[in-house]
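To keep things clear, I will list the structure first and then write my remarks on it.
The values are calculated or read from the model by the stated rules, or taken from the named source; none is laboratory data. The shown structure was predicted, so the numbers you read here are calculated from the model rather than taken from an experiment. FYI the Cβ positions are ideal-geometry reconstructions off the backbone, even for glycines, and counts take in every protein chain you see.
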Amino acid sequence: MGKNGSGRRPLSNDLRCAGDLEPKVQSHLDKLLGLNLFPDNVAKEEVAFYKKQMLPFGFPLDNRKPYTKLDWEVWCASLAESPDDFEALMSPVYEFINKTPSRVPLSDWYWATDGKEVMYHNHQGKEIGFQARPVVGAVFIKVLTDPAAWKKWSGQAPVMNHAPK
């Protein structure tokens, strides 16, 4: 996997996105599935980079505009090997959840500068945002990728047997 002119690995397969900020969320799947497509140093490099790009409510998703996505923020924070790095990347997410002026079901696409939900016009001309979508389930990635978190939380729920009788 090559690096672009900025020294970062582009998410795309070409170099048109030089200087991009796109997170490498796929590295979690690589690790979970044992594919070894991403070199071991990718997570450390990415976490260090995201920390330098931080805005009040997260780091920008890419280099076009300062918007971000909740699921990508959490996926990227979960790349952190140290609790301090994890907290540094998650603190803005907590800020967003607690201080967003957009009082809607949890939005996963918002401005990293002010925490407002990103709005767009759909094909019918109605202004809408991303709200209560399944990608919000990404907030649980830490449980899948961290053995200590898995051990702590997997035993908390009561065991339910739904097998047919």
Which one of ALA148, ALA132 is over 15 Å from CYS76 (Cα atoms), without any contact (Cβ under 8 Å) to a residue 40 or more places away in the chain and touching a Leu at 6+ places or on another chain (Cβ under 7 Å)? ALA132
Conditions: (1) exposed (fewer than 15 other Cβ atoms within 10 Å of the Cβ); (2) under 15 Å from the mean Cα position of the chain (by Cα); (3) not β-branched (Val, Ile, Thr). ASN36 meets all but one. Number of the miss? (2)
Near pairs, Cβ below 9 angstrom, 6+ apart or cross-chain, from segment 79-103 (without any contact (Cβ under 8 Å) to a residue 60 or more places away in the chain and more than 22 Å from GLN26 (Cα to Cα)) to any residue that is small (Gly, Ala, Ser) and surrounded by fewer than 16 Cβ atoms within 10 Å (Cβ to Cβ): none
Residues ASP146, ASP114, ASP108: which one is over 16 Å from the mean Cα position of the chain (by Cα) and either on the phi > 0 side of the Ramachandran plot or acidic (Asp, Glu) (or both)? ASP114
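Conditions (1) surrounded by fewer than 16 Cβ atoms within 10 Å (Cβ to Cβ); (2) not charged (D, E, K, R), marked per residue:
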residue: LEU79; (1), (2): no, yes
residue: PRO83; (1), (2): yes, yes
residue: PHE86; (1), (2): no, yes
residue: PRO92; (1), (2): no, yes
residue: ARG103; (1), (2): yes, no
residue: TRP111; (1), (2): no, yes
residue: ASP114; (1), (2): yes, no
residue: HIS123; (1), (2): yes, yes
In segment 63-80, what residues are under 19 Å from PHE140 (Cβ atoms) and among the charged types (D, E, K, R)? LYS69, ASP71, GLU73
Filtering segment 56-78 for residues that are part of a loop (DSSP other than H, G, I, E, B) and not polar (S, T, N, Q) leaves a count of 9
Report yes if LEU55 is at pLDDT 85 or above, under 14 Å from the mean Cα position of the chain (by Cα) and of a type in the set (A, V, I, L, M), otherwise no. no
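Yes or no, residue by residue, for (1) part of a helix (DSSP H, G or I); (2) touching a helix residue (DSSP H, G or I) at 6+ places or on another chain (Cβ under 8 Å); (3) farther than 22 Å from THR68 by Cα; (4) at pLDDT below 90:
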position	(1), (2), (3), (4)
PHE86	yes, yes, no, no
SER91	yes, no, no, no
GLU95	yes, no, no, no
ASN98	yes, no, no, no
VAL104	no, no, no, yes
VAL136	yes, yes, no, yes
PHE140	yes, no, no, yes
LEU144	yes, yes, yes, yes
HIS162	no, no, yes, yes
Answer from LYS65, LYS69 - the residue that is of a type in the set (Lys, Arg) and in contact with a Leu (Cβ under 6 Å, 6 or more places away or on another chain): LYS69
Reported set for segment 57-74 where residues are surrounded by 14 or more Cβ atoms within 10 Å (Cβ to Cβ) and either of a type in the set (Lys, Arg) or in contact with an Asp or Glu (Cβ under 8 Å, 6 or more places away or on another chain) (or both) is PHE57, GLY58, PHE59, LEU61, ASP62, ASN63, LYS69, LEU70, ASP71
